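Participant: Okay, here's the structure, questions in a sec.
The values are calculated or read from the model by the stated rules, or taken from the named source; none is laboratory data. The shown structure was predicted, so the numbers you read here are calculated from the model rather than taken from an experiment. For neighbour counting, all protein chains shown are included, and Cβ atoms are generated from backbone atoms with ideal geometry for every residue, glycine included.
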Amino acid sequence: MFLNKPTKIFTLLSLLALFAVYSHAQTVPPLESIQSQQELEKAVAALDAALFDSFNHCDLEKFASFFADNVEFYHDQGGLTLGRAALTDSIKKNICGKVTRELVSGTLQVYPMKGFGAVEIGVHRFHHPGHENTEGVGEGKFIHLWQYKDGSWKITRVISFDHHAAKRSYSPQGPLSTKRKSKE
């Protein structure tokens, strides 16, 4: 069967749209198929990477897709933000184009929450691209409570705390490292 040119174009565009929707879907396995601590850590690390890729690139639609509608976000300096829409709006106003985040290597901890999902704990750094000489690097700790429900992983609670300026120092073994300023 041969298709005319408009039908071929429509079919191709439909397939591309379907691929685009599928590529945004989470590729992390469902909770019930995760059989080991290592698999859980890999799943949560993938979720963290995808979440903060959308954060760093200001892809607000994708960013919002990682949060439950009724997310509670507790921040030691910013206070409480309730709901996905308010959180996404806050990111749009305060973060987009101003701040990027990196997970501090070796700090990610993941624990199972039976029948619910997982808790993720770690340390991350915040950079101010193009302004790091004047604004410096910030660092803080975080806790994310991930729930697996209705076929997807969502964050239901965030606690973001212990924010402070990270002191830069140069290591004789290699590139720039960042250490916390003492409180003396």
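Participant: Among the listed residues Ala85, Ala49, which satisfies the condition of being more than 12 Å from the chain's Cα centre (by Cα), in a helix (DSSP H, G or I) and among the small types (Gly, Ala, Ser)?
Facilitator: Ala85
Participant: Determine, yes or no, whether Leu82 is surrounded by fewer than 15 Cβ atoms within 10 Å (Cβ to Cβ) and of a type in the set (A, V, I, L, M). Talk me through it step by step, then tell me what you get.
Facilitator: Details: surrounded by fewer than 15 Cβ atoms within 10 Å (Cβ to Cβ): yes; of a type in the set (A, V, I, L, M): yes.
Yes, satisfied.
Participant: Also, quick follow-up: Picking from Val71, Val99, which residue would you name as being of a type outside the set (Phe, Trp, Tyr), touching a strand residue (DSSP E or B) at 6+ places or on another chain (Cβ under 8 Å), more than 19 Å from Asp150 (Cα to Cα) and crowded, with 17+ Cβ neighbours inside 10 Å?
Facilitator: Within the list Val71, Val99, the selection yields Val99.
This table checks each residue for (1) surrounded by fewer than 17 Cβ atoms within 10 Å (Cβ to Cβ); (2) modelled with pLDDT under 95.
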{"position": "His127", "(1), (2)": "no, yes"}
{"position": "Asn133", "(1), (2)": "yes, yes"}
{"position": "Lys154", "(1), (2)": "no, no"}
{"position": "Ala165", "(1), (2)": "yes, yes"}
{"position": "Pro172", "(1), (2)": "yes, yes"}
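Participant: Among the listed residues Ala25, Ala43, Ala64, which satisfies the condition of being of a type in the set (Gly, Ala, Ser) and modelled with pLDDT under 55?
Facilitator: Sole residue among the options that is of a type in the set (Gly, Ala, Ser) and modelled with pLDDT under 55: Ala25.
Participant: Right, another one. Going by the structure shown, is Val119 in contact (Cβ under 8 Å) with a residue 40 or more places away in the chain, farther than 21 Å from His164 by Cα and not aromatic (Phe, Trp, Tyr)?
Facilitator: So Val119 fails the test.
Participant: Give Val119, Val137 a once-over and let me know the one that is over 20 Å from Ala64 (Cβ atoms), modelled with pLDDT under 95 and surrounded by 14 or more Cβ atoms within 10 Å (Cβ to Cβ).
Facilitator: Details: Val119 fails: modelled with pLDDT under 95.
The unique qualifying residue is Val137.
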